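Reading through the C-alpha cells given below for one structure.
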Amino acid sequence: MRIDLHTHSFVSDGTDAPADLMREAKAAGLDVVALTDHDTAAGWPEAQRAADEVGITLVPGMEISTRLGSASVHLLAYLLDPVHPPLVAALDRILDGRNGRVPAICAQLRAVGVDVTEEDVRRSAGDAAATGRPHIADVMVATGAVGSRDEAFAKFLNPGRPGYVRRYACPLEEAIGLVGQAGGVPVIAHPWGRAPGALTEETLAGLTAIGLRGLEVDHQEHSPQARQTLRGIARNLGLVVTGSSDHHGTGKVDHDLGCHTTDPDEYERILALATSAPSTGSAAAPRRG
Ligand code: AMP
Ligand code: FE
Ligand code: FE
Ligand code: ZN
C-alpha cells in the first residue's frame, strides 16, 4: 500500500484542481492520499468525489500556519471536523492575514522596481481560498521579472528580502489544541525543513504532552541525517512517523507525488487516533476566499 499524506491543490498554492490531483495520485500508483491545502478544507468535497471515482482513499487534511515564538511552524491536521467553530475562527483569522498582507507586499515590490499589482495577484490566485506568496511569485514569473517561483522567493519573498511581509499565524500550542478538539490528528510538517532550530527534542516533548501526535520525517527538505535523528525522537516520544511528497503540482520542483511515503502501520495509527468522522461532503465545505 502506497500512502502520501501531504499534497496541495490550487485551493491553496498547488497548481492542480483537487479532482486532477486525485487522478494524478491514482496514476502515480498511490492507494491513499491526503489533501492538505494551507489553512482550508475548501478542496475536500471535490477531491472526495474524484477519489471515489478513481478508487483511491482520500485522507481529508490541511496544513495550518502556526508559530512557535517567532519561528514559523506548519502543522498538518488529519481527519478533523472542518466546521468545528473555534477551528473555523482560527482559520478565518489566518486567511484574513494572508489576504491582508497582499497590498503591502505589492507596494514593497513596486518600491524596488518590480511591477506587481493587487489585481494581478487576485487573478493569479483565482479560486484559491488561501492566497500565498507563490501566487505573487507566479505574477513575477508571468511578467518575466523572475524565471521561477524559487527565484522569486530567493530574491524577493523570503524573510530578509525586499518583498517580505509578516502575516498572522496561530500559536502552535493553540493550533494543536484546536485540532484535537476538532477530533483530528496533529502532525508537524517538515519539522527540520527550511527554518530548523526551534523544534528541539525537549520542545517536541512538551508539545507531545499537550496533544501533538506525529512528525513528518521523510520529506525532501530533510537530510538523511535529519531523518534518522527525527525518527529516533519520534520513537522516544511515541509519535507517529509520516513521509510525504508535499506536492504542489508544477509549483515546486522535486516534490513528485509519492516521492516519500508513509508506512501503512503508521497510517493505521493516525486512523486510530482520530476521534471524529469528518464529512467531506459539500455540507462541510467552509467559505472560499
Ligand atoms: P506563504 O503561504 O505565503 O507563507 O508562502 C509559503 C509557501 O510558499 C510554502 O507553503 C511553500 O509551499 C511555498 N514556497 C516557499 N518557498 C518556496 C520556493 N523556494 N519555491 C516554491 N515555493 C516555495
Ligand atoms: Fe505551500
Ligand atoms: Fe509546509
Ligand atoms: Zn505543504
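Any read-out appearing in this document is the output of simple, stated calculations on the displayed coordinates, not a laboratory observation. Here the structure is a predicted model, which is why all the values come from computation and not from measurement. Note: ideal-geometry Cβ built from the backbone for every residue, glycine included; neighbour counts use all protein chains shown.
Residues in the range 69-102 that are over 24 Å from residue 162 (Cα atoms) and either in a strand (DSSP E or B) or among the hydrophobic types (A, V, I, L, M, F, W, C) (or both): 75, 76, 77, 78, 79, 80, 83, 87, 88, 89, 90, 91.
In summary, residue 111 fulfils each of the numbered conditions (1) over 27 Å from residue 173 (Cα atoms); (2) touching a Phe, Trp or Tyr at 6+ places or on another chain (Cβ under 8 Å) with the single exception of condition (2).
Close Cβ contacts (under 7 Å, 6 or more residues apart or on different chains) running from residues in the range 10-27 that are closer than 13 Å to residue 131 by Cα and within 16 Å of ligand 1 (Cβ to nearest atom) to residues that are hydroxyl-bearing (Ser, Thr, Tyr) and part of a loop (DSSP other than H, G, I, E, B) comprise 11/40; 12/40.
Considered as a group, the residues in the range 169-194 that are of a type outside the set (A, V, I, L, M) and more than 16 Å from ligand 3 (Cβ to nearest atom) include one that is surrounded by the most Cβ atoms within 10 Å (Cβ to Cβ), and that residue is 184. Of everything listed in (1) assigned to a loop (DSSP other than H, G, I, E, B); (2) more than 15 Å from ligand 4 (Cβ to nearest atom), the single unmet condition for residue 191 is (2).
Checked against the criterion of being more than 22 Å from residue 146 (Cα to Cα) and not aromatic (Phe, Trp, Tyr), the candidates 97, 126 yield just one match: 97. Residues in the range 17-45 that are over 22 Å from residue 91 (Cβ atoms) and acidic (Asp, Glu): 20, 24, 31. Within the range 140-168, the residues that satisfy the criterion of being among the hydrophobic types (A, V, I, L, M, F, W, C) and crowded, with 23+ Cβ neighbours inside 10 Å are 140, 152, 156, 157. Only a single item in (1) within 16 Å of ligand 2 (Cβ to nearest atom); (2) not in a loop (DSSP other than H, G, I, E, B) is not met by residue 53, and it is number (1).
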